[in-house]
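This report concerns only the one structure given below.
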Amino acid sequence: MKELKLRYYGDPVLREVCDPIDTFDDELREFAESMIETMRREQGIGLAAPQVGVTSRIIVALQMKDTDDVDAPALALINPRVVSKSSETWVFEEGCLSIPGVSAPVVRSREVEIEYEDLDGETKRITDDFIFGRILLHEIDHLDGVLFVDYLSSAQRSLVKSRLKKISHAKHLF
Ligand SMILES: [Zn+2]
């Protein structure tokens, strides 16, 4: 299995809009496995391809039923897209493997409906109104170059500003 290297805040690859995937082959399945491996190794609950330097629309996530459900099975989603999201929102403290040491409360929709292709290219749908749905929204954002810190208010942002600066200048240290 190929070892994947994490990319950190300040790396331009995290700001790219990723390309759709239209080939469902062994190479894709192996890459998905490596992503899941990397997510587990780094004790993450979700990971998007640009976080390992690949600009393709694939994410992996733990199918968590509760916030401490870290033994949940992992799922790979290809070309995930938000079909609908509720106007009702909830706030939860988020972090990101690409932004170590930074966490902040983020407002997101409560109920989300996501469509995606599985590793065989079959179209599937997920509806969730808790942590799994939130992880998917966070990871899908990555595919469009959006990071959770983009949602912070200027007051929240000023609290993490120096840490962000440090990460982007010292990413070789991680
Ligand atoms: Zn992230």
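Using a 1.4 angstrom probe on the protein heavy atoms only, could you order 69, 144, 118 from most to least accessible area?
Putting 69, 144, 118 in descending order of accessible area: 144, 69, 118.
Taking the Cα centre of the chain as origin, work out the dipole magnitude from +1 charges on Lys and Arg Cβ and -1 charges on Asp and Glu Cβ, in debye rounded to 20.
Its charge dipole is roughly 1180 debye.
Quick one: net charge of residue 87's neighbours, Cβ under 12 Å, K/R +1, D/E -1?
Local charge sum for residue 87: +1.
By how many nm would the segment from residue 144 to residue 71 lengthen if fully extended, with 0.36 nm per residue of separation less the alpha-carbon distance?
23.5 nm
Any chance you could count the Lys pairs in the chain whose alpha carbons are under 26 Å apart, treating pairs 8 or more apart or on different chains as valid?
9
Positive end of the charge dipole of the chain (Lys, Arg +1 and Asp, Glu -1 on Cβ, about the Cα centre): tell me which of 105, 142, 47 has its Cα farthest that way.
Of the candidates, 105 comes out farthest on the positive side.
Using a probe of 1.4 angstrom, how much of the accessible area of the chain is carbon and sulfur, in percent?
48
Can you pull the semi-axes for segment 12-173, root of five times each eigenvalue of the Cα gyration tensor, sorted largest first, whole Å?
Over the Cα atoms of segment 12-173, the ellipsoid semi-axes are 24, 20, 15 Å.
From the protein chains alone at 1.4 Å, what is the descending order of accessible area for 124, 65, largest first?
Correct descending sequence by accessible area is 65, 124.
Accessible area per residue for the chain in Å², computed with a 1.4 Å probe and the full protein assembly in place, what is it?
For the chain, the per-residue accessible area is 52 Å².
Please give me, ordered by residue number, the GluC sites (Glu not before Pro) of segment 65-108 that lie in loop per DSSP and have at most 14 other Cβ atoms within 10 Å.
Sparse-neighbourhood loop GluC sites (Glu not before Pro): 88.
The values are calculated or read from the model by the stated rules, or taken from the named source; none is laboratory data. Keep in mind the model is a prediction, meaning the values are calculated, not measured. Quick reminder, even Gly has a Cβ in these numbers, built from the backbone with ideal geometry, and neighbours come from all protein chains shown. When the accessible area is computed, the model is the full protein with side chains, heavy atoms only, and any ligands, DNA or RNA have been set aside. Shrake-Rupley method; radii C 1.70, N 1.55, O 1.52, S 1.80 Å.
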